[in-house]
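These notes are about the structure you will find just below.
The values are calculated or read from the model by the stated rules, or taken from the named source; none is laboratory data. Computed from a prediction, not measured in an experiment: that's the story for all the values here. For neighbour counting, all protein chains shown are included, and Cβ atoms are generated from backbone atoms with ideal geometry for every residue, glycine included. What goes into the accessible areas is simple: the full protein's heavy atoms, side chains included, and nothing from ligands, DNA or RNA. Shrake-Rupley method; radii C 1.70, N 1.55, O 1.52, S 1.80 Å.
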Amino acid sequence: MTGPGVAGQETGAYGAIPRKEDARFVRGQGTFVDDISLPGMLHGAILRSPLAHARIISVDASAALAHPKVEAVLTGADLAGRGLAWMPTLSADVQAVLATDKVRFQGQEVAFVVAQDRYAARDALELIAVEYEPLPPLIDARTALAQDAPLVRDDVPGRADNRVFDWNAGDKTATDAVFATAEVRVGCDMVYPRSHPAPLETCGIVAASDAVTGRLTVWSTSQAPHAHRTLYSVITGLPEHKIRIVSPDIGGGFGSKVPVYPGYLCAIVASMITGRPVKWVEDRSENLMSTAFARDYHMHGEIAATADGRILGVRARVLADHGAFNATAQPAKYPAGFFHIFTGSYDLQAAFCEVTGVYTNKAPGGVAYSCSFRVTEAVYLVERLVDLLARELGMDPAQLRMRNLLRPEQFPYTCPTGWQYDSGDYPRAFALALDLAGYQGLRREQAERRARGEYMGIGISFFTEGVGAGPRAHMDILGLGMADGADLRVHPTGKVVLAISVQTQGQGHETTFAQLVAHELGLTPDDVEVVHGDTDRTPFGLGTYGSRSTPVSGAAAVLAARKVRDRARLVAAATLELSPDDLEWLDGKWRVRGDPDRGAGIAEIAMAAHSSLELPDGVEGHLDASAVYNPPNLTFPFGAYICVTDVDPATGEVTVRRFIAVDDCGVRINPMIVEGQVHRGLADGIGMALMQAIAFDENGNCLGGSFMDYLLPTALECPSPELGATVTPSPHHPVGAKGIGESATVGSPPAVVNSVVDALAPFGVRHADMPLTPANVWRAIQGRPVRPDLAVS
Amino acid sequence: MYPSRFRYEAPHTVAEAIRLLAAGGDNAKVLAGGQSLVPLMKLRFAAPELVVDINNLPGLSYHRADPDGTLRIGALCRHADLERSALLAGTQPTMAAAAPLIADPIVRNRGTLVGSLCHADPQGDWASVVLSLGGSVVAEGPDGRRSIPMTDFVTGPFQNLLAPDEIAVEAVIPAAQGERRGGYLKLERRVGDFATVGVAVSLETAGEVVRRAGIALTGVGASTIAASAAAAALTGHSLTAESIAAAASAAAEAARPRTDHRGSAEYKRHMVATFVERILTRCSAEPAERAA
């Protein structure tokens, strides 16, 4: 699996070792939020709106309060009395914690019951009487800016329409000029439907407020514990040093556990009121209906080219459905995330995109599900456009891509919208994928099958992501720059504890980060204990999402380890009574130049650093070190994916026969973990492409509120993927690594859709929106595609 | 899972179970495999005051054939038993085709055929299969047993003919007049999904002539639909391209699908015709008792 000629790969502490955390997970001995039980703990439950849009006339909780096991009920009015009915979102909007004036989406939080057990809390929800005055809901994002559209956010003084933002990137004039003179222009409307990350563990919290010490301790499903601590402090006014956030084991996040949700605040307030710990864990339907969704982009894309297949430019107009509150989690400067990387992997002259965000009566969110801050939507758009162009030109889509891919000598490459791609060898990765697939053979097979009336598709996607946010001059969330810290403590025996700001939700940090440090210090991964997810024990940082852990926090860990190594050299020199210049780091030890048998490893040096040894002036004892890493740029992983499908045109059923995925994420610390991430992401992509969408009916009822209707793919829908790798190190990352957590989720949907559309080419199908369920494929064959975001009509 | 409060009883005799049900009246529910009832209770769509768990009742796990070929399936016979049954594989092509398509392996390990019939979900697969085979349900109450033809058993969506104090103890498939052919096809968006459309076809043939035909449809109406006209179009004739097309068209006409997130009414109707045609074409091409 290793790429050719990779320096440092599979050496030292790197390599495909089993995950350290799995010892507890395979035994069922993880500790998740719902496993936490404290003495006297109470249980919360949320009453949610059955309506998508309604004025609240009254909320009567008296019957619930009379329930013998109910300890408290919070309503919007109660929170308003404490100034907590609304909270800031990660996009500097406000979101209702408990509704006071209106409900704005089905499933919105209306009241919070605190009872002695979970059953009683649920029973008491049925005792709360809410009188609603229904209002016309705004469901179709495409009507959000119409004159007569219902106004979603009348809570904001002076707001007259449903516009969240208008944003653009690129050079409009130059792009229009390219399009005006281009020989070939192809355009298409496409929807990237609303989907949901659906982590197996839903969101939850245990909040314990101590009135005596003034401390608040929170165990919660957080991908960003430090950011949550700051946010809770800002929202509640509690001093930040009195707040401790613990993210214990987390059962998947995919971006949906970055935001602060109303249930968290309700549990915190309830603990303050009752003086007892309060647990709230949402159920599956609550998770699907109310926590951060993903995507929901209505896009019109165009691509311009020469008649012989030289791509000149792309442009896009996007309507972004943000739901009832703008609660996306992304660097503040980029309201559409990194969508403007939609120039893809190609050498273009010009590009321009404009994105308009709108409010609708749907749940808030938008940046989740491993999307690399909207790179998912961008890659889908450009990779569909390239296939459409190939069709228009009568060119093979592989040939068209190979012709236009950036060449290795163009890196670092600044794309027309301003991203500086750090490194890449795209033709090499693409050639490997074509080779693994046996591409020419597949095309011959396709032709033979078509002659027999069988419909086989071959779909390609070549993607580039920008991950590892990010340079703090450009990237912050609510004013918190996206740099991350690492603390390294070296014990006298040379065993090491690494404390990091990022938090694993399944990515394997306890293994990968141990390998990173061990590799730098000549230790084994077992010599390094990784501490994470507890704000009292770890340095500040913004958390794990956007594939940023290895690019940012991994770099911090390496820099801290290198500081340790540098100090170890001074100590080793003192021990050996030599000058530091006489020592060189070789095979995991400081060794005497010209006499490599003499030297000392970190364990010996650590003992010396803690001993009575006289150290040179200016050299502190011990070996502990810290680092904060402010990345100079994003890292730009890329990959070439090929998907082979078979389509039954009578039923519309799609079978994914093969999936070939070549990823280049720079240096691979643990290739097994990398491959695991790719497997997971491919399942995500197949799910989104074929079966997943959160649609709404005309009344705003969520049609994806359970796993009976929001479908996750199983092993039977996912082929065993055929993986390949090339390794092009990042030039600016300390070990040349790039992020990998989202690559496959980003890269695979267009490969699947391109494959199905390719299979359906004999029917004249140019495009079909996800999810390509049997019914939707059948309608596409009929030439009557449906809107996947609305109830089928 | 946070259901409403309920009382739970697990009697050891049918008589005791019936007594409990009689006392519980309309607010009592029988728990067999629990694969439908428990999710409904979890969502609080169902809130029975009393749950009578019949899993302790002895002697109801069987499925067996009488000497004349009549098939009897006890109330605690699991889907998985039927999926692995050599008896079904050899004698009941429609049932053998349907068994592995029921939900997923976890559901099949617990869920029961009789429970599925009682649940009367219009998307339930077994009701169509049993209907196509001309089967019946045996109910036991305070006054003894009675047999209810499947054509009468389901009275509406999630409604059956059982009295509150009756337990369905057995499903019965009558012996075939001739050789069985048939199959069950189901369109699902993903394995384990409820049927978007399901079609059960059961034929009894003598030589090439169809002596009895049953066609029933899943998921395309408020209840399971017996496509009687489609079946009638086949009876007394051998299978030909024309008779197959006529049956497919008649079955599509019998469907009463609704447009929903699984697909449009038009699509579902088309799928009925497609599946009828596919099963019958296979029946005409393959030897008896092997078609699926």
TODO: State, in square angstrom and to the nearest 100, the accessible area buried between chains A and B, both chains counted, probe radius 1.4 Å.
DONE: 2400
Task: Packing-based order for A:149-156, A:288-295, using average beta carbon neighbours within 10 Å, highest first - done: A:288-295, A:149-156
Task: DSSP H segments from chain B that extend 18 Å or more along their own axis, Cα-based, with Kyte-Doolittle mean of -0.5 or above - done: B:241-254, B:265-285
- [ ] Taking 7 Å along the Cα-to-C-beta vector as the label spot, tell me the B:Ser4-A:Arg142 distance in nanometres, rounded to one decimal.
- [x] 4.2
Task: Estimated distance in nm for a label pair at A:Cys188 and B:Ala222, the labels positioned 7 Å out from Cα along Cα-to-Cβ - done: 4.3
Open item on the list: Suppose we take every Cα in the stretch B:11-167 and form the convex hull; what volume per residue is that in Å³?
Closed with: 112
Task: GNM flexibility winner over chain B from B:Thr112, B:Thr155, B:Thr218 (Cα, springs under 10 Å) - done: B:Thr155
Task: Packing rank of B:186-198, A:257-269, A:86-98, where each peptide gets the mean count of other beta carbons within 10 Å, highest leading - done: A:257-269, B:186-198, A:86-98
TODO: Scan chain A and note any complete DSSP helix (H) whose C-alpha atoms cover at least 30 Å along its axis and whose Kyte-Doolittle average is -0.5 or more.
DONE: A:555-576
Open item on the list: Using Cα springs under 10 Å in a Gaussian network model of chain B, which residue among B:Thr281, B:Thr94, B:Thr259 shows the largest mean-square fluctuation?
Closed with: B:Thr259
- [ ] First measure r as the distance between the Cβ atoms of B:Arg84 and A:Ala160, then evaluate 1/(1 + (r/R0)^6) with R0 = 51 Å and state the FRET efficiency to the nearest 0.05.
- [x] 0.20
Open item on the list: Please compute the average number of Cβ atoms from other chains found within 10 Å of each residue's Cβ in peptide A:117-123.
Closed with: 3
Task: Shielding by partners, peptide B:268-276 (average Cβ within 10 angstrom, other chains) - done: 2
Task: For the stretch A:253-289 versus the stretch B:35-73, the gap between their alpha-carbon centres in whole angstrom - done: 38
- [ ] Grab the Cα-Cα distance for A:Ala211 and A:Phe763, subtract it from 0.36 nm times how many residues apart they are, and report the gain in nm with one decimal.
- [x] 191.8 nm
- [ ] Evaluate the charge dipole of the stretch A:483-629 about its Cα centre and quote only its size in Debye, nearest 20, assuming +1 on the Cβ of each Lys and Arg and -1 on the Cβ of each Asp and Glu.
- [x] 320
TODO: May I ask you to derive the FRET efficiency for A:Ser37 and B:Ala163 from their Cβ-Cβ distance with R0 = 60 Å, giving the value to the nearest 0.05?
DONE: 0.85
Task: chain A - percent of accessible surface contributed by carbon and sulfur, probe 1.4 Å - done: 51
Task: Förster radius 35 Å - calculated FRET efficiency between A:Ser706 and B:Thr13 (Cβ-Cβ, nearest 0.05) - done: 0.40
Task: Using distinct alpha-carbon pairs, which all enter the 1/r mean, Kirkwood radius of chain A in Å - done: 27.5
Open item on the list: With the crude spin-label approximation of a point 7 Å out along Cα→Cβ, what separation in nm comes out for A:Asp435 versus A:Leu578?
Closed with: 4.4
- [ ] Provide a whole-number value for the mean count of partner chain Cβ atoms within 10 Å of the Cβ atoms in peptide A:715-725.
- [x] 1
Open item on the list: Sort A:454-461, A:745-752, B:142-149 by packing, meaning the average of other beta carbons within 10 Å per residue, with the highest value first.
Closed with: A:745-752, A:454-461, B:142-149
- [ ] Compute the length gained on full extension between A:Phe540 and A:Gln399: take 0.36 nm times their separation in residues and subtract their Cα-Cα distance, giving the result in nm to one decimal.
- [x] 46.0 nm
TODO: When a/c is below 1.5 the answer is rounded, else prolate if a/b is larger than b/c, else oblate, so apply that to the stretch B:99-229 with a ≥ b ≥ c taken from the square roots of the Cα gyration tensor eigenvalues.
DONE: oblate
